[in-house]
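Here is the structure we will look at, set down as structure tokens.
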Amino acid sequence: MDYQPLPLNSPSSDSPESGGFLSSGYITNYFGFLRPARHQAQSPSHPWHSWLTGLACLKFRRRLKRTTRLVLLVSIFFVVIFALGRYWDWLGIDLLTIPSAKVSQISESEQDLDLRNQERAKFEAHVNLTRQLAAHESPLSLLRYCSNSRYKPSNANFLVSAVVDEGTLARMDFGPSPKAPRYNPNILPFPKVYKHPYIGFARQSPQRFLFHHEVVWCEMDWVESPVIGRKMLACVGKETVLNLDEWATQAGVCKLYKYLALKQGHTDPRVLFSPLGEPLMVVGTNGLSNCMNQFVIDLRAVIPGLNWKMKLHGVPIRFKRLTELPRPKYNEVEKNWFLMWDESNVEYVQHETEQRSISAVSLPPEKQVNIALPAVQKCLSSLKKTLDSKQEANDIHQATNSLRVTLCDFPCIPTIHNTVIIELIHVKYQNRFEFFYRRYAIIMNATAPFNIIGRTGNLMYAGTDENVMLYTVSMTWDHEHYQQHQDWNETVHGGHWFFEEVEERERKVAHAMSGNMNEDDEGERAIGKKRKRTLLHKRVAPADHMDTSRSVANALSSSAVTVSTLSTASLSTSLKTSSSTIITSSASSQSTATPTKSKAVDSPLKPLMANRPIEGQSFTQNPLVNKYYHGWLDDMIMINIGINDEDAGVLHIRARDMLECIHVCNE
């Protein structure tokens with residue numbers, strides 16, 4: 001008997017019940033097409049059977065695709081949300097490290113605490129050292145270092161290049177000059193983003209040495225010398241003569257050397273950066289007030305595009321033309337002056353080192369006063385020799401510009417107690433027409449009147465011949481290309497959080513002790529006696545409203561106070577500390593003249609960059625710190641050297657090497 005196929009909406013004949021789940025038609029509607037026929041070979045009794053089976057299959061596929069798409073979309077949605085949450089830290093959790101999250105948080109907090117303690121210890125040591133420096137009669141002797149166990153005062157400081165592989169001086173090529181050699185070299189660094197590292201300046205005398213002089217400039221880069229292959233600096237493009245104003249001296253002014261009254265051009269250029277980054281040149285030419293005088297000009301005013309190349313768009317140009325530098329009383333011929341800036345970046349000019357003469361730049365001529373101490377110190381005069389022959393002579397000449405140096409490695413906090421100003425001088429020996437130079441670094445206070453407190457031994461340069469006339473022209477920091485540390489950040493490196501903690505602790509101690517003293521005073525008044533208070537008893541006002549100089553002096557002289565510390569203002573900026581607490585030798589501190597203080601008070605000069613807010617920092621910038629005029633012992637100095645008025649070279653050295661084994665004056 002043949003079996004007839006069951007209808008799709010009817011229950012199976014094998015089912016124990018004819019109704020129930022299958023009778024609803026749910027399974028058959030979706031999966032009925034999967035039921036095999038009892039007799040595959042038998043054709044269906046109804047013609048629409050195959051069409052109905054295909055329709056059910058088509059519906060299932062559509063619904064399966066829809067379900068799959070929905071699941072995929074939901075999965076993608078949650079994956080995207082989770083990824084964005086992780087990326088923007090919405091979730092605030094790390095599912096991969098949840099088991100170790102607590103352990104990592106504990107370890108990070110311990111590391112932060114250890115780092116904080118290390119920083120606190122460093123700042124405490126700095127406070128203690130600053131206190132010792134301020135109290136010492138000769139603080140430079142505490143900062144002095146000398147790695148040479150066989151050092152003698154007559155020893156020389158042998159300086160080796162930190163840039164040239166052989167350690168020798170790198171020659172400078174200012175291009176071929178058909179008329180005369182180019183000498184008196186100066187270079188300044190470009191920002192590291194510029195295509196060339198340096199801009200160079202040199203003097204040329206087309207009519208030899210007695211007549212008209214010019215200053216040429218060019219952009220310079222490192223090259224190798226022909227054949228030998230030594231590293232040297234050479235002009236990249238064509239050398240250009242600086243277009244500077246010229247004039248003749250008034251008739252009758254040049255009495256000693258009458259030929260100087262003619263247009264002499266521009267001689268002995270000294271190129272330097274101010275604390276604000278101004279590229280300045282001090283140069284000699286015919287004087288307006290005497291025969292030959294010293295002038296200053298901003299190089300951006302005479303070199304097209306230099307402002308853009310130096311990234312100095314926000315720095316104003318103060319000296320757009322040659323500006324005559326002041327002096328209380330001019331000599332007939334002036335030479336080799338240099339500028340320097342005090343702790344507030346007030347601008348001064350030093351005229352002479354041996355018979356010292358210093359005056360403020362911005363004061364009018366009628367108010368020009370020599371603020372330097374008139375005495376000649378032995379540490380300088382002892383460099384000269386007594387000569388019998390009239391054909392022989394030796395003199396002390398100023399040589400280079402000045403730089404500000406903090407006598408410790410970065411990032412120790414610069415203060416007037418550990419920061420000095422340096423210059424290089426020449427002791428010039430003459431035997432008829434033979435000239436010989438010895439070179440010394442002079443160390444001065446960072447505050448007016450810039451007392452000389454030390455000097456180095458004779459500076460000898462690797463790769464030079466001491467039998468020729470070897471002299472130093474200028475020097476500058478090369479932070480742009482050879483800085484080994486990060487830039488100074490007042491918020492990070494200034495230690496303000498530590499000083500705030502110290503001051504808060506001091507305030508609490510002072511307040512508590514003031515309360516105790518008030519109770520004691522009431523008892524003492526009853527018996528007609530009053531106890532003298534110590535520094536902490538007086539220090540109840542916030543440090544910002546105190547006379548810092550008095551507080552520091554009292555803190556150093558008070559033996560009863562063993563835990564007193566310096567305020568933020570006195571240590572991190574050290575602007576108002578009296579002259580008795582700056583770096584000075586005993587003789588210098590005793591001979592500090594009273595008129596010097598009055599000049600500082602009466603001076604109308606405004607600081608060049610006083611209290612400048614720095615972008616991205618929470619505190620006012622320490623005025624001693626800048627990347628142009630200031631550096632630390634581990635920073636690089638470029639010394640520009642002239643050779644026989646015919647050749648030029650540059651020596652890159654660490655400040656530490658130059659200032660080793662300082663001879664402290666009047667020690």
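The values are calculated or read from the model by the stated rules, or taken from the named source; none is laboratory data. Small disclaimer: the values here were computed from a predicted structure and weren't measured. For neighbour counting, all protein chains shown are included, and Cβ atoms are generated from backbone atoms with ideal geometry for every residue, glycine included.
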Would region 348-355 turn up any residue that is over 27 Å from the mean Cα position of the chain (by Cα), crowded, with 16+ Cβ neighbours inside 10 Å, at pLDDT 95 or above and assigned to a loop (DSSP other than H, G, I, E, B)?
-> no
Of all residues in region 105-155 being among the hydroxyl-bearing types (Ser, Thr, Tyr) and touching a strand residue (DSSP E or B) at 6+ places or on another chain (Cβ under 7 Å), the one that is modelled with the lowest pLDDT | 138
For region 294-304, how many residues are outside any helix (DSSP H, G or I) and at pLDDT 95 or above?
-> 7
Among what's in region 629-666 and is among the hydrophobic types (A, V, I, L, M, F, W, C) and part of a loop (DSSP other than H, G, I, E, B), pick the residue that is nearest to the chain's Cα centre (by Cα).
-> 633
Per-region count, region 394-418, residues at pLDDT below 95 and either among the hydroxyl-bearing types (Ser, Thr, Tyr) or in contact with a Lys or Arg (Cβ under 6 Å, 6 or more places away or on another chain) (or both) = 4
Close pairs (7 angstrom Cβ cut-off, 6 or more residues apart or separate chains): without any contact (Cβ under 8 Å) to a residue 12 or more places away in the chain and crowded, with 22+ Cβ neighbours inside 10 Å in region 473-488, among the β-branched types (Val, Ile, Thr) and not in a helix (DSSP H, G or I) anywhere = none
Within region 263-289, can you find the residues that are out of contact with any Ser or Thr (no Cβ under 8 Å at 6 or more places or on another chain) and either of a type in the set (S, T, N, Q) or not in a strand (DSSP E or B) (or both)?
-> 263, 274, 275, 276, 277, 278, 288, 289
Inspect region 626-642 for any residue being out of contact with any strand residue (DSSP E or B) (no Cβ under 8 Å at 6 or more places or on another chain), surrounded by 15 or more Cβ atoms within 10 Å (Cβ to Cβ), modelled with pLDDT of 50 or more and within 23 Å of residue 343 (Cβ to Cβ) and give the result as yes or no.
-> yes
Residue count, region 313-362, condition over 20 Å from residue 374 (Cα atoms), free of Cβ contacts under 8 Å to residues at least 60 places away in the same chain and of a type in the set (Asp, Glu), comes to 1
Which of the residues belonging to region 268-325 are charged (D, E, K, R) and either under 22 Å from residue 247 (Cα atoms) or out of contact with any Pro (no Cβ under 6 Å at 6 or more places or on another chain) (or both)?
-> 268, 270, 278, 298, 300, 309, 318, 320, 321, 324
Selection from region 390-408 of residues that are part of a loop (DSSP other than H, G, I, E, B) and in contact (Cβ under 8 Å) with a residue 24 or more places away in the chain = 391, 399, 400, 401, 402, 407, 408
Is it the case that some residue within region 450-467 is of a type in the set (D, E, K, R) and touching a Cys at 6+ places or on another chain (Cβ under 6 Å)?
-> yes
Which of the residues belonging to region 415-459 are of a type in the set (D, E, K, R), assigned to a strand (DSSP E or B) and over 23 Å from residue 349 (Cβ atoms)?
-> 434, 438
Can you tell me which residue among 662, 583, 614 is within 30 Å of residue 470 (Cα to Cα), modelled with pLDDT under 95 and not acidic (Asp, Glu)?
-> 662
Kindly provide the set of residues from region 327-347 that are out of contact with any Pro (no Cβ under 6 Å at 6 or more places or on another chain) and either polar (S, T, N, Q) or in a loop (DSSP other than H, G, I, E, B) (or both), ordered by number.
-> 327, 328, 329, 330, 331, 332, 334, 335, 336, 337, 342, 343
Pairs only if they're at least six apart or on different chains, beta carbon under 6 angstrom, first in region 152-173 and hydroxyl-bearing (Ser, Thr, Tyr), second not in a loop (DSSP other than H, G, I, E, B); list them, first residue then second.
-> 161/651; 161/652
Within region 459-475, identify whether any single residue is of a type outside the set (Lys, Arg), under 30 Å from residue 129 (Cα atoms) and under 30 Å from the mean Cα position of the chain (by Cα), and answer yes or no.
-> yes
Under 7 Å between Cβ atoms, at least 6 apart or on separate chains: pull out the pairs that start in region 293-311 with a residue that is buried (at least 19 other Cβ atoms within 10 Å of the Cβ) and end on any residue that is assigned to a helix (DSSP H, G or I).
-> 299/306; 300/306; 300/307
Which numbered condition residue 411 misses (of (1) touching a residue at least 60 places away in the same chain (Cβ under 8 Å); (2) touching a Pro at 6+ places or on another chain (Cβ under 9 Å); (3) in a loop (DSSP other than H, G, I, E, B)) = (2)
Pick from region 216-237, criterion within 20 Å of residue 299 (Cα to Cα) and either out of contact with any Ser or Thr (no Cβ under 9 Å at 6 or more places or on another chain) or of a type in the set (Ser, Thr, Tyr) (or both), ranking: surrounded by the most Cβ atoms within 10 Å (Cβ to Cβ) = 220
May I ask you to list the residues in region 194-229 that are in a loop (DSSP other than H, G, I, E, B), modelled with pLDDT of 90 or more and under 18 Å from residue 175 (Cβ atoms)?
-> 196, 197
List, please: which pairs have Cβ atoms under 9 Å, are six or more places apart or on different chains, and start with a residue in region 649-660 that is touching a residue at least 12 places away in the same chain (Cβ under 8 Å) and closer than 12 Å to residue 463 by Cα and end with one that is among the polar types (S, T, N, Q) and surrounded by 21 or more Cβ atoms within 10 Å (Cβ to Cβ)?
-> 649/640; 650/161; 650/640; 651/161; 651/640
